[in-house]
1. Look through Lys169, Lys230 and report the one residue that is more than 17 Å from the chain's Cα centre (by Cα), at pLDDT 90 or above and of a type in the set (Lys, Arg).
2. When only residues in the range 133-162 that are crowded, with 18+ Cβ neighbours inside 10 Å and β-branched (Val, Ile, Thr) count, which is farthest from the chain's Cα centre (by Cα)?
3. Output yes when any residue across the range 42-60 is part of a helix (DSSP H, G or I), at pLDDT 70 or above and touching a Leu at 6+ places or on another chain (Cβ under 7 Å), and no when none is.
4. What are the pairs with Cβ atoms under 9 angstrom where one residue, in the range 146-160, is over 25 Å from Lys125 (Cα atoms) and the other, located anywhere, is at pLDDT below 85 and surrounded by fewer than 17 Cβ atoms within 10 Å (Cβ to Cβ)? Sequence gap at least six, or different chains.
5. Quick check on my filter: what residues within the range 71-129 are open to solvent by 30 Å² or more (accessible area, probe 1.4 Å), of a type outside the set (Val, Ile, Thr), under 17 Å from Gly49 (Cβ atoms) and assigned to a strand (DSSP E or B)?
Amino acid sequence: MKKSIALAAVLATTLLAAPALADDFPSAISVSGEATVSAAPDLARIDAGVANDAKTAKEASDVNNGAMGKVLLALKGADISEKDYQTSRLSLQPQYGQNKSTGASPVVGFRASNRVTVKIRDVTKVAGIIDTLVGAGANDIGNISFEVTQASKLLDDAREQAVADARRKAEIYAKATGVTLGAPLSISEGGGPMPLFKSRMATAPMAATAAVAPGEETLSVTVNVSWAIKQGQ
């Protein structure tokens, strides 16, 4: 009998404490809001280089160094600041042939290559710079990409729109569940600007002026917001 009384007392205490415990974890509606903004890019990056084959490693390296020297001089002559171009890769690789009688792969020569990444701060000059590179001897034009350098500032309006989008969604959920929104409990930003245009240029020299379309970049922002909720009135 005493054990039964003690057990009943424990259960009563637990039930009375449950609402108080729940109060420590306020109910909330958590949603994500999104917004985008389009902007013209104001910076381009071009990856270009020269590659040369020769019988010996020294010959291939010497020829390649001379060729890249002409490319760098051309960039300087096109008013590209030295801080805006940087060597991105150097390589010297043996080239193997095939000996049909023995099945061996003897070294028949060497290939030297040198690549440089160029920043172009006036995107209207991209086509002209490509032509300059090719005219100076660059025989491997690689990736070209465009970006918006002041993306964060351009996203400020989108951030406000994303918060409004989150609230709109939260209001829908609140109405559907018979509650009202209270004060925001937390807000965090996710996502970031994403480049819209990125392409691979042909590696062969181009006879005509290069056709380049910068297009626009679509910048996106996502916010995650939690609102306290109150019983509807």
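The values are calculated or read from the model by the stated rules, or taken from the named source; none is laboratory data. Quick caveat, the model's predicted, so the values are computed rather than measured. Cβ: placed from backbone, ideal geometry, glycine included. Neighbour counts: every protein chain shown. Ligands, DNA and RNA are excluded from the accessible area calculation, which covers all protein heavy atoms including side chains. Shrake-Rupley method; radii C 1.70, N 1.55, O 1.52, S 1.80 Å.
1. It is Lys169.
2. Out of the qualifying residues, it is Val134.
3. So far as the range 42-60 goes, yes, one or more of its residues are part of a helix (DSSP H, G or I), at pLDDT 70 or above and touching a Leu at 6+ places or on another chain (Cβ under 7 Å).
4. From residues that are over 25 Å from Lys125 (Cα atoms), the pairs are Leu155/Gly192.
5. Tyr85, Gln86, Ser88, Arg89, Leu90, Ser91, Leu92, Gln93, Phe110, Arg111, Lys119
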